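The values are calculated or read from the model by the stated rules, or taken from the named source; none is laboratory data. Since the structure is predicted, the reported quantities are computational estimates derived from the model, not experimental observations. Note that we place each Cβ from the backbone using ideal geometry, even for glycine, and neighbour counts take in every protein chain shown.
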Amino acid sequence: MSDHDTLTMVGLTSTVPIEIVYASGLKPIDLNNLFICADDAERMVGQAESAGFSHNICAWIKGIYSVVVNRDLKRVIAVTGGDCSNTIALAELLERRGVNVIPFEYPRNKSKSDLAAELDRLRSALSTSWDKIKTETLRLNRIRKKLLELDRLTYEENLITGFENHTFLVSSSDFKSDPDMFDKELDDFLAEARNRIPRQDRVRLGYLGVPPIFSDLYEYIESLDGRVVFNEIQRQFSIPFLGDDIVEQYLSYTYPYDIQGRIDDIAEAVRTRQLDGLIHYTQTFCFRQLYDIILRDSLDTPILTLEGDRPGTVDGRTAIRIETFIEMLGHRK
Ligand code: SF4
């Protein structure tokens, strides 16, 4: 990373209103994506453990820490409300390592005025104006609209794999630090995908929960004639709610608030995308594992709960459970 990049990059611990970051002239970079896409992701987990992180802290938190240190990032926006309680302590640790940490909180009460005040705090911390934010909102919404089309081509036209859908949606949390380049890449991809022959999968799946730490999960599912046609949280990261009111957009985003919004979103996807089953991914040592109980209580669709710990490929036991689940769903049809 050049000195200029070091000065203009802002690390994100989770999805935030990047319209405000781009309006300030800075470049957001999602630390989760940097970590999981790195060739040495497993090594970075070990690096954080060597720095003192105990084994029962989730691998994503360790990865984020190592990425900030290794990239020598000077500024991070830490989502200290609505994401992960570990981020609160991580933010303090990074501050003590000399990082300028800007906290951002989604209000637990989902109040529009509280969220508007929080957005304004971020605007002020990044020294930008509402006029510039408005311009960025329009620019990014044009790309978000194309992501909606990519999603439609996945579940309606059956032209796109679960992994491709996951990759584009999850990358839109920062638009790869360059929205124009992302836009071009997306245009090229959509043009190519529209010429494909539609897939005919035996089993249609929804993927729930935080993105998987497994590198080959989607590939493995597709080798069994199943396909993920709904990536719940990745789709939420893409803020698929267009409009000219940024506060409303980030109020509709289900991930930071109570689980009922997620349940409604999933139930609608089960119906409209004709899902045969759901895979709920949980991360070892993550408090969000508790949501598994509520999801099972609230949804009638068969659910397979998976757990992943460290970066790597799908382990043997998980592979057998996925295979059995897909077999079972295939027989039910
Ligand atoms: S997976 Fe869970 S524990 Fe880990 S960073 Fe995400 S929310 Fe926090």
Where a residue in segment 300-317 is closer than 22 Å to H55 by Cα and its partner, wherever it lies, is of a type in the set (V, I, T) and part of a helix (DSSP H, G or I), with Cβ under 9 Å and at least six apart: L306/T318; L306/I322; E307/T318; G308/T318; R310/V45; P311/I36; P311/V45; V314/I322
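Which of the following residues is of a type in the set (A, V, I, L, M, F, W, C), without any contact (Cβ under 8 Å) to a residue 60 or more places away in the chain and within 16 Å of the ligand (Cβ to nearest atom): I213, I259, I263? Talk me through it step by step, then tell me what you get.
Values: I213 fails: without any contact (Cβ under 8 Å) to a residue 60 or more places away in the chain; I263 fails: within 16 Å of the ligand (Cβ to nearest atom).
Just a single option satisfies the conditions, and that option is I259.
Residue under question is I36, and the condition is that it be closer than 19 Å to Q283 by Cβ and in contact with a Leu (Cβ under 6 Å, 6 or more places away or on another chain); does it hold? Give the derivation first.
Working: closer than 19 Å to Q283 by Cβ: yes; in contact with a Leu (Cβ under 6 Å, 6 or more places away or on another chain): no.
The answer is no for I36.
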Yes/no for I29 being surrounded by 14 or more Cβ atoms within 10 Å (Cβ to Cβ), within 22 Å of P211 (Cβ to Cβ) and within 16 Å of the ligand (Cβ to nearest atom): no
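Can you tell me which residue among F241, F230, F287 is without any contact (Cβ under 8 Å) to a residue 24 or more places away in the chain, closer than 30 Å to F175 by Cβ and not acidic (D, E)? Spell out how you get there, then give the answer.
Numbers: F230 fails: without any contact (Cβ under 8 Å) to a residue 24 or more places away in the chain; F287 fails: without any contact (Cβ under 8 Å) to a residue 24 or more places away in the chain.
Only one candidate qualifies: F241.
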For S85: the one exception among (1) surrounded by 13 or more Cβ atoms within 10 Å (Cβ to Cβ); (2) farther than 16 Å from V10 by Cα; (3) within 16 Å of the ligand (Cβ to nearest atom); (4) among the small types (G, A, S): (1)
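Going by the conditions given, is L94 touching a strand residue (DSSP E or B) at 6+ places or on another chain (Cβ under 9 Å), outside the structural domain of F214 (by TED's automatic domain parsing), part of a helix (DSSP H, G or I) and not aromatic (F, W, Y)? Give the steps one after another, and end with the answer.
Numbers: touching a strand residue (DSSP E or B) at 6+ places or on another chain (Cβ under 9 Å): yes; outside the structural domain of F214 (by TED's automatic domain parsing): yes; part of a helix (DSSP H, G or I): yes; not aromatic (F, W, Y): yes.
Yes, satisfied.
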Qualifying residue in segment 39-49 (condition: closer than 21 Å to Y255 by Cβ and either aromatic (F, W, Y) or within 16 Å of the ligand (Cβ to nearest atom) (or both)): no
Test result for N56, part of a helix (DSSP H, G or I) and outside the structural domain of F182 (by TED's automatic domain parsing): no
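Within segment 18-52, how many residues turn out to be small (G, A, S) and free of Cβ contacts under 8 Å to residues at least 24 places away in the same chain? Reasoning before the result, please.
So the first thing to find is which residues in segment 18-52 are small (G, A, S), and the list is 23-25, 38, 41, 46, 48, 50-52.
Checking the rest, the ones that are also free of Cβ contacts under 8 Å to residues at least 24 places away in the same chain come to 46, 48, 50-52.
Qualifying residue count, segment 18-52: 5.
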Residue in segment 305-317 that is more than 17 Å from the chain's Cα centre (by Cα), away from the ligand (no atom under 16 Å from the Cβ) and polar (S, T, N, Q) present: yes
Sole exception among (1) of a type outside the set (K, R); (2) surrounded by fewer than 18 Cβ atoms within 10 Å (Cβ to Cβ); (3) within 16 Å of the ligand (Cβ to nearest atom) for D245, by number: (3)
Qualifying residues in segment 275-298 (those that are surrounded by 14 or more Cβ atoms within 10 Å (Cβ to Cβ) and aromatic (F, W, Y)) - the one nearest to the ligand (Cβ to nearest atom): F285
